[in-house]
1. Could you list all residues from the range 64-117 that are at pLDDT 90 or above, of a type in the set (Gly, Ala, Ser) and more than 21 Å from residue 221 (Cα to Cα)?
2. Which of (1) modelled with pLDDT under 90; (2) among the aliphatic types (A, V, I, L, M); (3) under 24 Å from residue 11 (Cα atoms) is the odd one out, the single condition residue 219 does not satisfy?
3. Give the residues of the range 28-38 that are surrounded by 11 or more Cβ atoms within 10 Å (Cβ to Cβ) and either in contact with an Asp or Glu (Cβ under 9 Å, 6 or more places away or on another chain) or not assigned by TED's automatic domain parsing to the domain that holds residue 62 (or both), sorted by residue number.
4. Count, please, the residues in the range 118-133 that happen to be touching a residue at least 60 places away in the same chain (Cβ under 8 Å) and surrounded by fewer than 14 Cβ atoms within 10 Å (Cβ to Cβ).
Amino acid sequence: MAIPDRMLLEQNKLFRDVNLDSVEHLLSDCQTITLYKGDTLLESGQKNTLLYLVLEGELHVYLNGRNLPMHASLGMGECVGELSMIDGANTVALVVAATETRTLPLPHEVIWSMMDIATGIARNLLTILAGRIRNDILLQVATAEPSLEFEVAANIDMATGLHNKNWLDDAFGRMALRYEKNGTPLYLLVADIDRFKEYHDSHGHHAGDTVLKEVARIISKNLRPDDLLAYLGAGRFAVLLPERLPDSAQKTAERLREAVAVPASLHAHSSEHFSVSLGYSIVKPGDTLNSVLICAEEALIQEIMNSRNRLKMSMLPD
């Protein structure tokens with residue numbers, strides 16, 4: 001396998017914390033395939049026995065056809081086809097190349113053999129599946145009930161493919177109550193793309209959307225299955241973070257900040273360098289989404305005024 005492909009594979013979620021040397025011999029016969037913009041990788045209802053690793057480019061996933069908002073955007077480091085590959089059932093989604101995209105298809109027998117050698121691959125695949133199932137529940141319901149299609153469209157941001165503030169407002173109360181009962185602290189984090197309005201105004205709508213998609217992809221890639229991500233608009237993202245340790249929220253926020261701030265050459269879809277500033281706040285009993293957003297955004301504004309590409313915590317007064 002070529003050295004550049006190895007480097008890309010090491011960044012894939014399937015191989016997180018896995019020594020690729022232990023399974024590289026199983027990948028030697030696997031060949032990459034290149035899709036061009038508009039090419040179909042998977043059709044809904046087809047048989048599939050492959051797990052596709054995205055090496056470069058971007059795939060769009062649709063549950064109800066291309067005429068409705070896309071369900072997900074998958075970039076470098078992601079994979080697709082895992083459900084049908086594992087359970088043997090037909091695929092339930094349409095997967096299309098949004099740009100020129102290179103993938104590495106892995107047959108199911110290769111996946112099982114790798115799991116036998118490196119148990120971390122099984123753990124990573126379970127994590128990927130858990131995150132996929134969690135994020136798919138709302139749209140899977142819409143697939144079964146066509147009357148909900150307009151409701152689904154109202155809860156999806158077209159530019160990023162993420163859930164929007166309407167959806168987050170609905171999910172906030174349920175999630176806050178759930179973690180209050182569990183005794184697990186819940187935090188709300190707000191990430192703002194530094195100088196996004198200036199970039200959007202000077203480079204245009206299309207360039208702005210490209211940056212939004214890239215930041216959305218990077219943030220999504222660095223979250224866990226229990227974290228909820230939404231796009232608030234105007235270059236701002238919100239994440240609900242259930243945490244068990246006092247400093248976990250800060251570490252998560254710092255990880256996101258550092259992931260976005262890596263050199264532009266490592267980003268999949270943009271030649272521009274960009275960064276995010278972050279503010280976050282703990283959710284207390286009786287809080288509403290708007291009250292916690294105000295608190296987190298106040299912390300964010302302080303960091304923007306002080307110096308961008310930073311993070312700060314704030315708390316609502318008792």
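The values are calculated or read from the model by the stated rules, or taken from the named source; none is laboratory data. Predicted model, so just to flag it, every value in this text is computed and none were measured. All Cβ positions, even for glycine, are placed from backbone atoms using ideal geometry, and neighbour counts span all protein chains on display.
1. Selection gives 113 alone.
2. (1)
3. If the condition is that a residue be surrounded by 11 or more Cβ atoms within 10 Å (Cβ to Cβ) and either in contact with an Asp or Glu (Cβ under 9 Å, 6 or more places away or on another chain) or not assigned by TED's automatic domain parsing to the domain that holds residue 62 (or both), then 32, 34, 35, 37 are the ones that fit.
4. Residues that pass the stated criteria total 1.
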